[in-house]
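The values are calculated or read from the model by the stated rules, or taken from the named source; none is laboratory data. Predicted model, so just to flag it, every value in this text is computed and none were measured. Heads up, the Cβs are rebuilt from the backbone with ideal geometry, glycines too, and the neighbour counts pull from every protein chain shown.
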Amino acid sequence: MRNNFQLCSDNFYRPKMAKIVFLLPFLLFAISCSTTKNVVEWNVEIKESNLPITDRCNPNQKLQAIKTPEKPIIIPANEDRDSLLRVYGLPCSINEEMPVYDIPLSRIKRITYLSDPLMPPQEIPFPELSILQGCCRNRTGLLFFDKFELRAAIGFRGTKDGVTYPPSVVPEKPKFISFGREGSYMTFGFEIAGLWNLSFIDKNHNFQAGITTGLWPVDGSFFVPVGLDLRYTFNQFPPKFSDRCNSWYLYGNIGIPLDFTTKAPYIGKSLDFQRYFLGAGIGYDWAWGCDKDFSIDLGYRGMNLPLPPFDCCPTIPDDSKNPFRHSNELLLRFCITY
């Protein structure tokens, strides 16, 4: 009986042990990954002062030292303040971001680095720390403009009704992509804009206004938009050595699309027969070198565009020979901004 029981036990545990041995390397790898995250390697000791630095995780507690897995960074002095030491503390709880402390260098007692758990901590002098380079953002515009934009635009205006050209009574249905008079769901265009600072409105030069033009191959014509362009950039001039180099912005424009095909009047007899465009939206600038940004914005554009004239029916007055297509579109623009 003992031998049979021992044999059954061996047969039962052998597969279990084989699975454990097979999974052991993966378990060890997972444990090592979880333990290396937020491992404390640096300790920043703070001098005593009448103005204590409080703990972000416990505002009622005064910080005497900050333990961190990240190497501290020096932020150079500027005209408004002295040099700072940027320290990333341990997260207050799981899945939270590390709190950031910018501490004057004069408040730092010493910085130690634990390179080996079996060795005493090594004191690190300031010259061995990295210096925050910050962003190189010097936006002086292009040519004689304070801001200059090159844009590629993609619009979606949906399934607009087709247009009927006599003597036919069947409307020409729009297509998904088309540059003919029947219309299209999608529109494409290239635009440029030059803007100037409006110091009398905004002394910080965040608000700018200027002119816009471009080329829209749409609805059977090549339209050249001419209009007023407005823009407000929230982070136009980041502080020196800032790590916030990018910026949100708002824009708006309004104008008249010109063309050399339709021969429709520029001033219509009513709003239904008046060519125009207007739009507004929000965008984001990513710093691309010192003198330009790559920008993406999303907005709305309303348009009323003249279509090619009827080629029949001489009894129709000249100012009524051009049907108009009114459309509202969701507009996505990709820009290079100087």
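Going through (1) in contact (Cβ under 8 Å) with a residue 60 or more places away in the chain; (2) surrounded by fewer than 16 Cβ atoms within 10 Å (Cβ to Cβ); (3) under 17 Å from PHE222 (Cα atoms); (4) of a type in the set (A, V, I, L, M, F, W, C) one by one, LEU307 falls short only on (2).
Is it the case, given these coordinates, that LEU258 is out of contact with any Phe, Trp or Tyr (no Cβ under 9 Å at 6 or more places or on another chain), under 30 Å from LEU142 (Cα atoms) and hydrophobic (A, V, I, L, M, F, W, C)? The answer is no for LEU258. Filter segment 187-208 down to the residues that are within 13 Å of ASP146 (Cα to Cα) and crowded, with 18+ Cβ neighbours inside 10 Å, then identify the one that is farthest from the chain's Cα centre (by Cα). Going through the qualifying residues, I end up with ASN197. Tell me, which strands (runs of 3 or more DSSP E) wholly within segment 79-189 include 3 or more residues that are touching a residue at least 24 places away in the same chain (Cβ under 8 Å), under 30 Å from GLY302 (Cα atoms) and in the same structural domain as GLN236 (by TED's automatic domain parsing)? Answer list for segment 79-189: 147-156. For the residues ILE66, ILE74, the requirement of being touching an Asp or Glu at 6+ places or on another chain (Cβ under 9 Å), touching a residue at least 24 places away in the same chain (Cβ under 8 Å), surrounded by 13 or more Cβ atoms within 10 Å (Cβ to Cβ) and not in a loop (DSSP other than H, G, I, E, B) singles out ILE66. Considering only residues of segment 267-281 that are loosely packed, with under 15 Cβ neighbours inside 10 Å and of a type in the set (A, V, I, L, M, F, W, C), which is nearest to ILE211 (Cα to Cα)? Selected residue: ILE267. For the list (1) over 19 Å from CYS335 (Cβ atoms); (2) assigned to a loop (DSSP other than H, G, I, E, B); (3) touching a residue at least 24 places away in the same chain (Cβ under 8 Å), I need the number of the one condition that PHE222 fails. For PHE222, the failing item is (2). Within segment 100-141, restricting attention to residues that are crowded, with 16+ Cβ neighbours inside 10 Å and over 18 Å from ILE74 (Cβ atoms), the residue that is modelled with the lowest pLDDT is ARG137.
Considering every residue within segment 318-329, establish whether at least one is exposed (fewer than 14 other Cβ atoms within 10 Å of the Cβ) and either at pLDDT 95 or above or farther than 24 Å from TYR276 by Cα (or both). No: segment 318-329 contains no residue that is exposed (fewer than 14 other Cβ atoms within 10 Å of the Cβ) and either at pLDDT 95 or above or farther than 24 Å from TYR276 by Cα (or both).
Suppose the filter is modelled with pLDDT under 85 and touching a Leu at 6+ places or on another chain (Cβ under 9 Å); does ASN38 pass it? It is true that ASN38 is modelled with pLDDT under 85 and touching a Leu at 6+ places or on another chain (Cβ under 9 Å). Taking the conditions (1) in contact with a Lys or Arg (Cβ under 8 Å, 6 or more places away or on another chain); (2) at pLDDT below 90 in turn, GLY210 satisfies each one other than (2).
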